[in-house]
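*Asks:* Once you've had a glance at the structure underneath, I'll fire off some questions.
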């Protein structure tokens, strides 16, 4: 049985990850986002009361799923619609996740317990299989009945899942499985408790047919009936138990197996063989639904994480939207905010609005500490979230799809580096170029600023021009002013150049607004502003 909540036509397992996912996570600061996704926000009278401890499985699921980009508009919209349903019915998706977690955890504990006991006896292993099948059946019935009560679902994913449940585990199939499990109850539960809390003894009723062959040997047997019968339980050795045994001994052509250990052992072996044969009939059911619960746990964990991401957006008062897929050369957004900064610093983040149509190269320049790197990260985070179906922190967001995203951010020098910072940058860039191709997107943040301005400008110009000619989309933040000036002079009179320029806004008094505004690149970083601020503060 398929779950298909992440993809309309297949389960997970055929994913293609971004190249160098660790760099994307590190440079965009996504670990903070994964951690937020793993923590449920608990409200009390509309106010945030507390954050639950992180669910490591949800965290790892988001870390994995967000590094697998969806490749079409249809895939993105499919997942967005499921998230919309999850936001309307959060208890439903949390309940599904909780049920699957319980089943998978129970299955794992039983397996580990068997390994610790050197796998135990075959009979004990069979008992554990039967108990697991009963738990699967109970959980499936609960999930199916829960989904049947949800008549207001609109997403294709959840409605298909409900239909698949009804088709793969109808009431008739459940009844047949339960009857079989009830028939072999004697093998797992010799003593049960009825509705009136009275103990009952569970006994097998096995009817066989066979012929007597030469030497009074039994011929091939045919099973007519295997079932469980209950009777009052009497304490062993007590008067009532002795009376019961006496009555049974008076039945014609019968005998008590407990009177002879050899016969008792053969009886138990017969019971084991018969029950094992019946359980094998449910082997496909067991394998089918063990995979089902594992898949459902993973896929619902993603949507639990999505719900909790939205909770944190609301917690910090950030507007969110579901992105729209558009032409690959377009990037249009309104009031886009850097979500990770809000999570980490708990501050009101300044949003940016931009409309880049039919552009292949964006160059961002301007004042130091003007918000350029934050702006670039906000775009990168939004693209990664969009391409796994998640909402983004913006009033609106439109972009093309880029299954291959690369990041090249300046790194601090540390003891792990075996060469200079420029060499390290060039090695990373060379590695990217070996894997990049047409239709890719690369984000460059202060790349090649670790050498002289003149040398860095030449390196940046040659590499970026080659990437652009190869059909790669480039977003770059740079202080290499001669590089920006050269590109501007070459393209300013060509409306079809595919190049756009933004600058970090700076007011006359030196105040940074953290807004990126279009226009001619700023050919200074206004470093004196920072100098005066530091010196003035010291005085």
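Every read-out reported here was derived from the displayed coordinates using simple, explicitly stated rules and does not represent laboratory data. All figures in this text were calculated on a predicted structure; none of them were measured in a lab. Cβ sites come from the backbone with ideal geometry, for glycine too, and all protein chains shown count toward neighbours.
*Asks:* Of 395, 479, how do they rank once you tally other Cβ atoms within 10 Å and put the fewest first?
*Replies:* So the residues, fewest neighbours to most, are 395, 479.
*Asks:* Order by neighbour count: 436, 42, fewest other Cβ atoms within 10 Å first, most last.
*Replies:* Ordered by Cβ neighbours within 10 Å, fewest first: 42, 436.
*Asks:* Assign one of three labels to region 373-501, namely rounded, prolate or oblate, based on the Cα gyration tensor with a ≥ b ≥ c the square roots of its eigenvalues; rounded applies when a/c is under 1.5, prolate when it is not and a/b is larger than b/c, and oblate otherwise.
*Replies:* Verdict is oblate for region 373-501.
*Asks:* Say each of residue 148 and residue 520 gets a label point 7 Å from the Cα, pointing the same way as Cα to Cβ; how far apart are those two points in nm?
*Replies:* 7.3
*Asks:* Shifting gears a bit: If we count other beta carbons within 10 Å of each Cβ, what is the order of 512, 465, fewest first?
*Replies:* 465, 512
*Asks:* Starting from the Cα gyration tensor of region 318-538, take the square roots of the eigenvalues, sort them a ≥ b ≥ c, and report rounded, prolate or oblate (rounded when a/c is under 1.5, otherwise prolate if a/b is larger than b/c, else oblate).
*Replies:* rounded
*Asks:* Right, next: How high is the FRET efficiency from residue 466 to residue 493, r the C-beta distance, R0 25 Å, rounded to 0.05?
*Replies:* Working from the Cβ atoms, E equals 0.65.
*Asks:* Please give, to one decimal in nm, the separation of the simple spin-label points placed at residue 207 and residue 284, each 7 Å out from Cα toward the Cβ.
*Replies:* Roughly 2.8 nm, to one decimal.
*Asks:* Further, regarding this structure: Relative contact order for region 318-538 using alpha-carbon pairs under 8 Å, separation at least 6, rounded to a whole percent?
*Replies:* That works out to 28 percent.
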